[in-house]
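First comes the structure, then the notes that go with it.
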Amino acid sequence: MAHILLAEDDKSMLNFLVIALQRAGHTVVARTNGMDALSVLEEENDPPFNMLLTDIVMPGIDGLELAHKTTEKYPDIKVMFITGFAAMALEDHKKHHKFNNGRRAPQILSKPFHLNDLVKRIETMLEC
């Protein structure tokens, strides 16, 4: 299973996601903003993170900036955005900017979503 860094500013959603991902067998480190998530990535993490799961709209560093900084330092990490907003803006953003040096586009899961869908999408991403 995966070692996932989760960044979500809605605390109730964050707790909900942590429980669901842990029940699916994943290890989760959760932070409520992009700056805190970025500082976790600066630490030595054993095992290293396989995935960044982040909301897009957050105060401070948003999910897009967090993903850019993360993939610059860790080019093999997989990125999934969860968002209630900005899904269309992200689609346009993906056309103009490359994540992971153009090797892999991030996935987008729009809120509301079913937790089973989230888990299935994560498992599919990890298989690639």
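Just the residues that are of a type in the set (Asp, Glu) and in contact with a strand residue (DSSP E or B) (Cβ under 6 Å, 6 or more places away or on another chain), please, taken from the stretch 19-56. Passing the criteria: only Asp55. Just one of (1) outside any helix (DSSP H, G or I); (2) over 13 Å from the mean Cα position of the chain (by Cα); (3) at pLDDT 85 or above fails for Phe16. It is (1). If you go through the stretch 14-51 and pick out every residue that is among the aliphatic types (A, V, I, L, M) and free of Cβ contacts under 8 Å to residues at least 60 places away in the same chain, you end up with 11.
Among all positions in the stretch 74-92, there is no residue which is touching a Ser or Thr at 6+ places or on another chain (Cβ under 7 Å), at pLDDT 90 or above and farther than 13 Å from Ile4 by Cα.
For the stretch 51-73, a residue qualifies if it is closer than 18 Å to Ile122 by Cα and not aliphatic (A, V, I, L, M), and the qualifying residues are Thr54, Asp55, Gly63, Thr70, Thr71. Taken over the stretch 27-50, the criterion of being modelled with pLDDT of 95 or more, within 19 Å of Met125 (Cβ to Cβ) and not in a helix (DSSP H, G or I) is satisfied by Thr27, Val28, Val29, Ala30.
Name every residue in the stretch 1-18 that is loosely packed, with under 13 Cβ neighbours inside 10 Å and touching a strand residue (DSSP E or B) at 6+ places or on another chain (Cβ under 9 Å), in order of residue number. Show your work before the answer.
Of the stretch 1-18, the ones loosely packed, with under 13 Cβ neighbours inside 10 Å are 11-12, 15.
Within the stretch 1-18, Asn15 is the sole residue that qualifies.
Would you call Ile61 more than 24 Å from Cys128 (Cβ to Cβ), part of a loop (DSSP other than H, G, I, E, B) and either under 14 Å from the mean Cα position of the chain (by Cα) or modelled with pLDDT of 90 or more (or both)? So Ile61 fits the description; yes.
The values are calculated or read from the model by the stated rules, or taken from the named source; none is laboratory data. Bear in mind that the values here come from a model prediction, so they are computed numbers and not experimental data. In this analysis, Cβ positions are derived from the backbone assuming ideal geometry, glycine residues included, and neighbour counts consider all displayed protein chains.
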